[in-house]
Ligand code: BG6
């Protein structure tokens, strides 16, 4: 049972939508099952659909049942249903916010501490915040008010600034929880533990020993039903500006003064500030984009991006993006960081791969051991949550042959249910812990990193590269590599390096 948190009301805007279905409601249910929701807390689902309370409960229980692996318990379902209520509304109707206030204040089963979760289209954030404020729903006279803002926070640097200004008129920074769900993933947090709870790595964690770093997020899924969102977004904004740059900051940051939110975020911002700006003339050698064409995924033929419903016939939206970045500070100067993401790729995984330098001398060159491979540290984020260190060892036998083996420091046992990132983050909002949420300056700096590329791509007339669905993306992306010997690390498996 949560001991520190006080009861609160979770108001979910867009509660009938996809995010609510696949992430928010199942995560809140899991928090219920773990006894983490403070007693007396309520959940108010807001949506346009004409649902009754019972209809909402039935639908939400159906969503929870869609994740059978998570297990269900009738008692927990019942307790969860008792917290849940439905409020039908049209967000564009200004009078609705007074009605919402009457509902929340007129019924003392709703705790005054309130979280507003914006699971709505990003272009609606500022209007909803303004109207909540006008209806005095953000004032903290009788408890706290917190607003969770989903990504993307803005569309580019300029629009992020405008959004910040708009919501900043009504909210203090401490009330704003900018979510990047990647930070709720267990292995992402493990990057910090691995680095700062072990002294072993620290002497090696720098340009003297590390050759380059790769951060990959690949998916086998296509855009599915999200084309209207994705068409105006693309892979660089959708994944790199947010999730992958966040991962980069955790890998590259200096040890913070403490694990307090501000100390952690100060260090992340320092990394973002140290990233060498990509000059317009360097975009070609630092950024690459492509789009999937038809192909085979999981043995099944799938359409290309241009054939997906809702995609413009001449669309140049990228479904694959890769960047080469340099962090110009004492620790990392001249170490390339390669970031890469794509939809409809050969495999689904997220991986941080750290490649160490060659030993200074190739002692075994004249023997059958031949050229010694570089060491790698692999941080598997998903689906395999693992931490492996690849080293070279001598094979048993009379001959001097070597092979790669890996030291595995993975924690998860078979059968462990990994927590969903949203469980952690939804709970952090209740607890008022902002360390895994983005401060505005982080968001602004991250837009600053990708903005030159976005601008250059927006003005480019050339046809975008394509890659067959089910592949690892175009060969041409190799043009980003600093050294001929560099290549994409696709897998945790040493044989396929
Ligand atoms: C979201 C992106 O933020 O992250 C999606 O909008 C992407 O396009 C998703 O598929 C990936 O996150 P996860 O946790 O599902 O791997």
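So what is the calculated 222 nm ellipticity per residue for the chain, using -39500 (n - 2.57) for each DSSP H run with n of 4 or more, over all residues, to the nearest 500 deg cm²/dmol? If you can, show how the numbers build up before the last one.
Working: 13 runs with 139 residues, N = 497.
Taken over the chain, the calculation gives -8500 deg cm²/dmol.
The alpha carbons of region 388-497 occupy a box of 60, 49, 27 Å along the principal axes, longest dimension given first. Calculated translational diffusion coefficient of region 284-337 (4 °C, 1.567 mPa s; Stokes-Einstein with Kirkwood radius over alpha-carbon pairs) equals 93 µm²/s.
Here, P(r) means the percent of Cα pairs in each 10 Å bin from 0 to the largest distance; for the chain it is 4, 18, 27, 26, 17, 6, 2, 1, 0.
Principal axis extents of the C-alpha atoms in region 56-144 (largest first, rounded to whole Å): 42, 31, 20.
Spin-label pair residue 107-residue 334: with each label point 7 Å from Cα along the Cα-Cβ axis, the two points sit 6.5 nm from one another. Applying 0.36 nm per residue to the separation of residue 273 and residue 482 and subtracting their alpha-carbon distance, the gain on full extension is 73.0 nm. Kirkwood-type hydrodynamic radius, region 142-296: 18.4 Å, calculated from all non-identical alpha-carbon pairs. Using only alpha-carbon positions in region 153-230, the gyration tensor eigenvalues give semi-axes of 33, 22, 14 Å once each is multiplied by 5 and square-rooted (largest first). Working from label points 7 Å from Cα in the Cα-to-Cβ sense, the residue 78 to residue 281 distance is 7.3 nm. Between residue 66 and residue 475, the contour length at 0.36 nm per residue exceeds the alpha carbon distance by 143.4 nm. If the chain between residue 296 and residue 312 were fully stretched, how many nm would it gain, using 0.36 nm times the residue separation less the Cα-Cα distance? Length difference between fully extended and current span is 3.5 nm.
Run the paramagnetic zone check for residue 458: 7 angstrom along Cα to Cβ, then residues of region 277-292 with backbone nitrogen under 16 Å. Only 280 fall inside the zone, counting backbone N under 16 Å. Each 10 Å bin from zero holds the following percent of Cα-Cα pairs in region 295-398: 11, 25, 28, 22, 11, 3, 0.
Taking the Cβ-Cβ separation of residue 34 and residue 174 as r and a Förster radius of 35 Å, what is the calculated FRET efficiency to the nearest 0.05? The computed FRET efficiency comes out at 0.85.
Over region 222-356, the pair-distance histogram of Cα-Cα distances with 10 Å bins from zero comes to 11, 35, 30, 18, 6, 0 percent, rounded to whole numbers. Please find the FRET efficiency linking residue 403 to residue 208, where r is the Cβ-Cβ separation and R0 is fixed at 30 Å, and quote it to the nearest 0.05. The pair residue 403/residue 208 has a calculated efficiency of 0.65. For the chain, the antiparallel share of DSSP beta bridges with both residues in that region comes to about 55%.
For region 1-158, dividing the convex hull volume of the Cα atoms by the residue count gives 129 Å³ per residue.
Quick note: the coordinates plus some simple rules give every number you see, no bench work behind them. Source: prediction; values computed, not measured. For neighbour counting, all protein chains shown are included, and Cβ atoms are generated from backbone atoms with ideal geometry for every residue, glycine included.
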